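Everything on this sheet refers to the single structure shown next.
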Amino acid sequence: MAELILGQVLSFDASPFVEGEAAARHIAEGAVLVEDGRIAAVGEAAALRSAHPQAAITDMGRALLSAGFVDAHVHYPQTAMIASWGKRLIDWLNQYTFPEEMRFADPAYAAEIAARYIGLVTANGTTSFCTYSTTHPASVDAIFTAARSAGMRIFAGKTCMDRNGPPGLLDTVQRAYDESKALLERWHGVDRLSYVITPRFSPTSTPEQMAVLGALWKEHPQCLMQTHLSEQTDEIAWVKELYPQARDYLDTYEPQDLLREGAVYGHAIHLTEREKARLIEADASLIHCPTSNTFIGSGLFDMGLATQLRVGLATDTGGGSSFSMLRTMAAAYEIAQLRHMPLHPSHLWWLATQGSARALRVEDRIGNLAPGMEADLIAVDLASTPAIEQATRRAENLWQELFPTIMMGDDRAIRAVWIGGRKAI
Ligand code: GUN
Ligand code: ZN
């Protein structure tokens with residue numbers, strides 16, 4: 001049965017980083033026709049109503065209909081330790097993160113947190129995400145199982161690390177290869193699930209472990225590979241000690257065949273000119289994690305790179321301080337302001353939807369409202385709190401009406417969520 005959802009519609013014809021705000025398409029009295037889990041049509045409400053008289057009508061009033069948010073870098077196992085106080089990256093990992101990740105040796109705990117995480121992000125309008133797990137294969141099974149029953153398109157992989165962590169959390173070169181391969185064969189391409197080869201980062205993987213993961217990636221070139229790159233200056237100094245031969249941080253991945261299209265690097269804040277040139281040449285993806293970069297004190301990402309590279313947006317739960325992509329857009333705006341680059345609302349919304357989908361190389365399936373795309377969509381209340389409502393009263397266009405929600409909105413703004421055409425909220 002077809003469903004015709006009415007509201008203001010926001011979609012994109014191109015990237016606002018290339019075409020400016022003209023890349024966005026706004027229909028004030030619009031509609032989205034959903035049929036068999038896909039978007040069948042997007043257009044004026046009146047025209048679609050008369051063309052599809054049999055469709056069930058869901059009227060969202062003046063709410064904004066958009067593609068669901070795509071969170072391109074998260075650690076779902078860090079859900080319960082989000083907002084842990086007072087540490088920078090390496091101490092934060094040792095004091096809070098690794099002990100929490102050790103708990104995922106218990107499959108029941110993994111299942112509990114996977115379900116909790118999916119509930120939290122769905123309430124925040126996130127319909128797709130790319131997550132790290134822990135070294136335990138059961139942590140990957142847990143998140144894929146939960147996402148599959150929710151009908152979500154997600155990306156996940158076993159986090160591989162064979163040094164510089166507590167013994168109970170470490171795997172080995174051989175286990176990283178064998179367990180990643182087994183999980184990839186079990187899950188990749190099942191329903192809407194994709195496996196991602198996941199070395200945590202250079203300090204916690206030996207070159208030998210990264211080499212076998214590079215080999216696994218060559219055997220399965222259709223998969224993505226995710227890791228961390230140049231997040232914090234103390235981390236970069238440590239990488240220099242661990243890899244004295246490497247020209248820079250990226251050069252710890254390159255010789256292990258962990259740099260090419262489909263590589264997805266989180267953070268990527270303190271890049272050298274050589275690294276930028278190689279990333280562009282390789283058509284790799286960078287993921288901006290703004291609440292994490294301020295929370296852990298990492299630095300200010302250069303959004304100018306979005307004109308040359310695939311750049312996605314992410315919460316980086318639980319280094320990030322929020323599950324909300326609205327809050328994440330606000331932080332991206334603030335960081336860009338500190339770099340004298342005011343991001344337009346169209347830039348921010350695109351990053352949280354198409355930009356992230358493009359970084360994960362699924363921009364033809366999710367992250368936009370267009371015929372043929374999978375029906376992951378949200379209805380956003382643009383007056384969800386008294387503070388936001390009063391700030392929108394004098395708005396003369398969509399961007400003025402939307403920006404207070406970007407800056408001050410949270411899960412209260414998410415009125416409805418459809419995942420694969422099915423109403424989830
Ligand atoms: N670098 C390596 N592991 C992590 C992690 O879990 N979070 C963040 N923010 N950076 C990392
Ligand atoms: Zn991360």
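Selection over the stretch 239-294 of residues that are within 16 Å of ligand 2 (Cβ to nearest atom) and not aliphatic (A, V, I, L, M) gives a count of 14.
Consider the stretch 67-91 and keep the residues that are more than 12 Å from ligand 1 (Cβ to nearest atom) and among the aromatic types (Phe, Trp, Tyr). The one that is farthest from Ser346 (Cα to Cα) is Trp85. Within the stretch 92-114, being within 13 Å of ligand 1 (Cβ to nearest atom) and not aromatic (Phe, Trp, Tyr) holds for Leu93, Asn94, Gln95, Thr97, Pro99, Glu100, Glu101. The residues of the stretch 210-238 that are among the aliphatic types (A, V, I, L, M) and within 16 Å of ligand 2 (Cβ to nearest atom), listed by number, are Leu224, Met225, Leu229, Ile236.
Report, by residue number, each residue of the stretch 390-404 that is over 26 Å from the mean Cα position of the chain (by Cα) and surrounded by 14 or more Cβ atoms within 10 Å (Cβ to Cβ).
Answer for the stretch 390-404, where residues must be over 26 Å from the mean Cα position of the chain (by Cα) and surrounded by 14 or more Cβ atoms within 10 Å (Cβ to Cβ): Ala391, Thr392, Ala395.
The residues of the stretch 7-29 that are in contact with a Ser or Thr (Cβ under 7 Å, 6 or more places away or on another chain), closer than 28 Å to Arg49 by Cβ and of a type outside the set (Lys, Arg), listed by number, are Leu10, Ala23, Ala24.
Scanning the stretch 153-209 for residues that are under 23 Å from the mean Cα position of the chain (by Cα), aliphatic (A, V, I, L, M) and either modelled with pLDDT under 95 or part of a loop (DSSP other than H, G, I, E, B) (or both) gives Met161, Val190.
Of all residue pairs spaced 6 or more apart or on separate chains, those with beta-carbon atoms under 6 Å, a first member in the stretch 361-386 that is under 18 Å from Ala24 (Cα atoms) and a second member that is among the aromatic types (Phe, Trp, Tyr) and not in a loop (DSSP other than H, G, I, E, B) are Asn368/Phe12; Leu377/Trp418. On inspection, Arg38 does not qualify as of a type in the set (Lys, Arg), more than 16 Å from ligand 1 (Cβ to nearest atom) and farther than 28 Å from Pro345 by Cβ. Right, Ala63: more than 16 Å from ligand 1 (Cβ to nearest atom), in a strand (DSSP E or B) and either aromatic (Phe, Trp, Tyr) or under 24 Å from the mean Cα position of the chain (by Cα) (or both) or not? In short, yes. Taken over the stretch 33-59, the residue count meeting the criterion of being of a type in the set (Ser, Thr, Tyr) and in contact (Cβ under 8 Å) with a residue 40 or more places away in the chain is 1. Among the residues making up the stretch 222-274, those that are in contact (Cβ under 8 Å) with a residue 40 or more places away in the chain and among the small types (Gly, Ala, Ser) are Ser230, Gly262, Gly266. Gly355 meets each of the listed conditions (1) surrounded by fewer than 24 Cβ atoms within 10 Å (Cβ to Cβ); (2) at negative phi apart from (1). In the stretch 96-129, how many are within 16 Å of ligand 2 (Cβ to nearest atom) and out of contact with any helix residue (DSSP H, G or I) (no Cβ under 8 Å at 6 or more places or on another chain)? So the count comes out to 1.
Look through Ala336, Ala331, Ala314 and report the one residue that is within 16 Å of ligand 2 (Cβ to nearest atom) and touching a Pro at 6+ places or on another chain (Cβ under 7 Å).
Criteria check complete, one pass: Ala331.
Conditions tested, residue by residue: (1) within 16 Å of ligand 1 (Cβ to nearest atom); (2) touching a residue at least 60 places away in the same chain (Cβ under 8 Å); (3) surrounded by fewer than 24 Cβ atoms within 10 Å (Cβ to Cβ); (4) closer than 24 Å to Met325 by Cβ.
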{"position": "Arg116", "(1), (2), (3), (4)": "no, no, yes, yes"}
{"position": "Thr122", "(1), (2), (3), (4)": "no, yes, yes, yes"}
{"position": "Ser133", "(1), (2), (3), (4)": "yes, yes, no, yes"}
{"position": "Ser139", "(1), (2), (3), (4)": "yes, yes, no, yes"}
{"position": "Ala146", "(1), (2), (3), (4)": "no, no, yes, yes"}
{"position": "Leu169", "(1), (2), (3), (4)": "yes, yes, yes, no"}
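Name the residues in the stretch 307-322 that are under 21 Å from His228 (Cβ atoms) and surrounded by fewer than 24 Cβ atoms within 10 Å (Cβ to Cβ), would you? If the condition is that a residue be under 21 Å from His228 (Cβ atoms) and surrounded by fewer than 24 Cβ atoms within 10 Å (Cβ to Cβ), then Gln308, Leu309, Ser321, Ser322 are the ones that fit.
The values are calculated or read from the model by the stated rules, or taken from the named source; none is laboratory data. Quick caveat, the model's predicted, so the values are computed rather than measured. Glycine also receives a Cβ, built like all others from the backbone with ideal geometry; neighbour counts cover every protein chain displayed.
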